[in-house]
Amino acid sequence: VRCLVIGSSTGGPQALARVLTDVGSALAQVPVLITQHMPPTFTAILAEHLGRATGIPTAEAKDGEKVQAGRILVAQGGKHLVVARSGEGVIARLSDAPPENFCKPAVDPLFRSVAEAFGSGTLAVVLTGMGTDGAKGSVAIADAGGSVIAQDEESSVVWGMPGATVAAGSCAGILPVGEIGPRIARMITGARS
């Protein structure tokens, strides 16, 4: 795993905090990119909250900043977060493109760009949320050889986004929220099981 990317909406902040704290020290080994459907200012508060919960430097993504291990970047409300390869690695880009799936930020643009930049090194997670955002992007990640995990229906506040991702046929796993973090940690560290 060279990059962890997560999409969430309704019920997402709690699920994100749970999953990321459950990953534990393995979080420091990869860059983490998050799109949570939220308006501006709330995304800054979310980043602050996740940083406190995980002890990992967390912030809203800034245009042109380097995507690096041991740092969590959250999409800003009102802008899509995408990544692009550049001379010195992978950088974050903020896009003012139109909303996708009625959302801005949307998960699909991030997932598509990460599939392109990190290919088979991508691990994507689709957490609780309304609608279908993330489903199409998850197919791009699976097609690039990456892995996709969806939160199960029982532990989701709304099983729209993870359900659509499961229906798209791109998932390597469908797990309750309490099992996602430990699974990510094993995948990052290469532990068997």
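The values are calculated or read from the model by the stated rules, or taken from the named source; none is laboratory data. Values in this document were obtained by computation on a predicted structure and should not be read as measured data. Positions of Cβ are backbone-derived with ideal geometry, glycine not excepted, and every protein chain shown enters the neighbour counts. Heads up: the accessible areas ignore ligands, DNA and RNA and are worked out on the full protein's heavy atoms, side chains in. Shrake-Rupley method; radii C 1.70, N 1.55, O 1.52, S 1.80 Å.
Carbon and sulfur: what percent of segment 90-188's accessible surface (1.4 Å probe)?
Numbers: 2030 of 3770 Å².
In segment 90-188, the share of accessible area belonging to carbon and sulfur is 54 percent.
Taking H placed 1.01 Å from N in the peptide plane, check which residues at least 5 places from CYS3 or on another chain put their amide H under 5 Å from its amide H.
Amide H to amide H, under 5 Å and 5 or more residues apart or across chains, CYS3 pairs with LEU123.
Would you please give the residues with an amide H less than 5 Å from that of VAL148, counting only those at least 5 places away or on a separate chain, with H modeled from the backbone geometry?
ALA124, ALA172, GLY173
Rg and Dmax of segment 119-168, Cα atoms, in Å?
When restricted to Cα atoms, segment 119-168 yields Rg and Dmax of 10.3, 30 Å.
What are the ³J(HN,Hα) couplings of segment 120-137, residue after residue, when phi is run through the Karplus curve with 6.51, -1.76, 1.60 and θ = phi - 60°? Round to Hz, x for glycine and proline.
Once θ is set to phi - 60°, the couplings for segment 120-137 become 5, x, 8, 10, 10, 10, 10, 9, 2, x, 7, x, 10, 4, x, 5, 5, x Hz.
What residue among LEU81, PRO13, PRO57 has its Cα farthest toward the positive end of the dipole of segment 1-116, where the charges are +1 on Lys, Arg and -1 on Asp, Glu, each on the Cβ?
PRO57
At what distance in angstrom do the alpha carbon centres of segment 9-44 and segment 98-164 lie from each other?
Result: 14 Å between the Cα centres.
Quick one, what does Rg over Rh come out to for the chain if you take C-alpha atoms and the Kirkwood Rh?
Details: Rg = 14.4 Å, Rh = 15.7 Å.
When Rh is taken as the Kirkwood radius, the ratio is 0.92.
Looking at the chain only, what percent of DSSP beta bridges run antiparallel? Nearest 5 please.
25 percent
Are there GluC sites (Glu not before Pro) in segment 20-96 that DSSP puts in a loop and that have at most 13 other Cβ atoms within 10 Å, and which ones?
Taking segment 20-96 and a limit of 13 other Cβ atoms within 10 Å, the loop GluC sites (Glu not before Pro) found are GLU88.
Kindly provide the Kirkwood hydrodynamic radius of segment 149-190 in Å, to one decimal, from all pairs of distinct alpha carbon atoms.
Evaluated on segment 149-190, it is 10.6 Å.
Taking amide hydrogens as modeled 1.01 Å from N in the peptide plane, which residues meet the under 5 Å criterion relative to GLU60, leaving out close sequence neighbours?
Close amide H contacts, sequence-distant or interchain: VAL74.
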